[in-house]
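Here is the structure we will look at.
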Amino acid sequence: MKVLFLGDIVGRAGRDAVTDQLPGLVERHGIDFVAINGENAAGGFGITEDIFQLIIDAGADCVTTGNHVWDQKEALVFAERQDRFLRPVNFPPSTPGRGAGMFIAKNGAQVLVINVMGQLFMPDLDDPFAAVERQLESCRLGRDCDAILVDMHAEATSEKQVMGDILDGLVTMVVGTHTHVPTADHRILPGGTGYISDIGMCGDYDSIIGMDKEEPRHRAVNKIRSGRLTPAQGSGTLSGVIVESDEATGLARTIASLRIGPHLQSSEPDIAQ
Ligand SMILES: [Fe+2]
Ligand SMILES: [Fe+2]
């Protein structure tokens, strides 16, 4: 089966890129399951229920998040009723919503998605490795489900690589999100797990990680905040990976990076065996 995972949607540019391009992309590549990180979809900060629904209506089967999950307070409420909405699994047990979910793909396959957040240079959540292992105890790949996707929302590439190494052979794919900058290290790990340190963002790349450049430049140069960060408003570029998995084992056969839009060099998809 084929899984598409797209990186953090940032503001209107990212939303428009997803709604304009996702349906055609799913059709052209015969995608069976789509997951998208939506943590910056509402004005760069968080996600509303209407925007969540827009992303689902465009073709996403599951929306993951990260440290910005609660920036729009309504997420604390709709996280409870929207099964396709995930927040990091290693929040304390009392936190609203869920960090993992089992979904049925277009081809009928059972897909477990786990959203987890790293600890290095990030808000202080519970141990991400133990949290993912707990989820896997009740769901073994190839026996209890056909694919397992892990969104490792983290700053440090080292911590993401450790997650990939620990889960190698146990899950279909581990994708990094959060930095909004795609990395070129997509590969199949020795045990058969598709891996990339960061799948980048869906948004305007003529920006500083999706935001209009002026305020980040001012903050960096002068060490003073002079206003709010607002998403850059130019054309959006989609960024993510397509992983093709083996029907019998659930492990990855190929991983391809996908970048469609005006700013990044490659287009669709660049296959790495
Ligand atoms: Fe983000
Ligand atoms: Fe983030």
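The values are calculated or read from the model by the stated rules, or taken from the named source; none is laboratory data. Treat the numbers as computed from the prediction; the structure is a model and nothing was measured. Cβ placement follows ideal geometry from the backbone for every residue including glycine, while neighbour counts extend to all protein chains displayed. Heavy atoms of the whole protein, side chains included, go into the accessibility calculation; ligands, DNA and RNA do not. Shrake-Rupley method; radii C 1.70, N 1.55, O 1.52, S 1.80 Å.
Being away from ligand 1 (no atom under 12 Å from the Cβ) and of a type outside the set (Ser, Thr, Tyr) is not true of Ala41.
Restricting segment 80-105 to residues that are β-branched (Val, Ile, Thr) and without any contact (Cβ under 8 Å) to a residue 12 or more places away in the chain, which is surrounded by the most Cβ atoms within 10 Å (Cβ to Cβ)? Among them, the one singled out is Thr95. Of the residues in segment 204-227, none is open to solvent by less than 20 Å² (accessible area, probe 1.4 Å), more than 16 Å from ligand 2 (Cβ to nearest atom), under 23 Å from Ile9 (Cβ atoms) and of a type in the set (Phe, Trp, Tyr).
Residues in segment 172-192 that are among the β-branched types (Val, Ile, Thr) and over 21 Å from Leu120 (Cβ atoms): 2 in all. Of the strands (runs of 3 or more DSSP E) entirely within segment 111-218, those holding at least 2 residues that are within 16 Å of ligand 1 (Cβ to nearest atom) occupy 147-153, 173-177. Pairs are defined by a Cβ separation below 7 Å, a sequence spacing of at least 6 or placement on different chains, a first member in segment 22-34 that is farther than 15 Å from Ala256 by Cβ, and a second member that is aliphatic (A, V, I, L, M) and open to solvent by 30 Å² or more (accessible area, probe 1.4 Å); no pair meets this definition. Taking every residue in segment 188-206 that is more than 27 Å from Pro216 (Cα to Cα) and pairing it with any residue that is modelled with pLDDT under 95 and assigned to a loop (DSSP other than H, G, I, E, B), at least 6 positions away or on another chain, the pairs with Cβ-Cβ distances below 8 Å are Ile188/Gln273. Summed over segment 176-199, residues that are at positive phi and within 16 Å of ligand 2 (Cβ to nearest atom) total 2.
Within segment 72-87, identify whether any single residue is within 22 Å of Thr183 (Cβ to Cβ) and at pLDDT 95 or above, and answer yes or no. No, because not a single residue in segment 72-87 is within 22 Å of Thr183 (Cβ to Cβ) and at pLDDT 95 or above. Just one of the numbered conditions (1) farther than 30 Å from Glu247 by Cβ; (2) over 16 Å from the mean Cα position of the chain (by Cα) is not true of Gln82: (1). Looking only at segment 145-180, residues that are in contact with a strand residue (DSSP E or B) (Cβ under 8 Å, 6 or more places away or on another chain), β-branched (Val, Ile, Thr) and more than 22 Å from Val111 (Cα to Cα) come to 1 in all. Taken together, the residues in segment 2-13 that are surrounded by fewer than 22 Cβ atoms within 10 Å (Cβ to Cβ) and farther than 19 Å from Gln233 by Cβ amount to 1.
Looking only at segment 87-110, which residues are small (Gly, Ala, Ser) and not in a loop (DSSP other than H, G, I, E, B)? Ala100, Gly101 - these are the residues of segment 87-110 that are small (Gly, Ala, Ser) and not in a loop (DSSP other than H, G, I, E, B).
The requirement of being over 22 Å from Ile209 (Cα atoms), modelled with pLDDT of 95 or more and buried (at least 18 other Cβ atoms within 10 Å of the Cβ) is satisfied by Val111.
Taken together, the residues in segment 14-50 that are open to solvent by 10 Å² or more (accessible area, probe 1.4 Å), of a type outside the set (D, E, K, R) and more than 16 Å from ligand 2 (Cβ to nearest atom) amount to 8.
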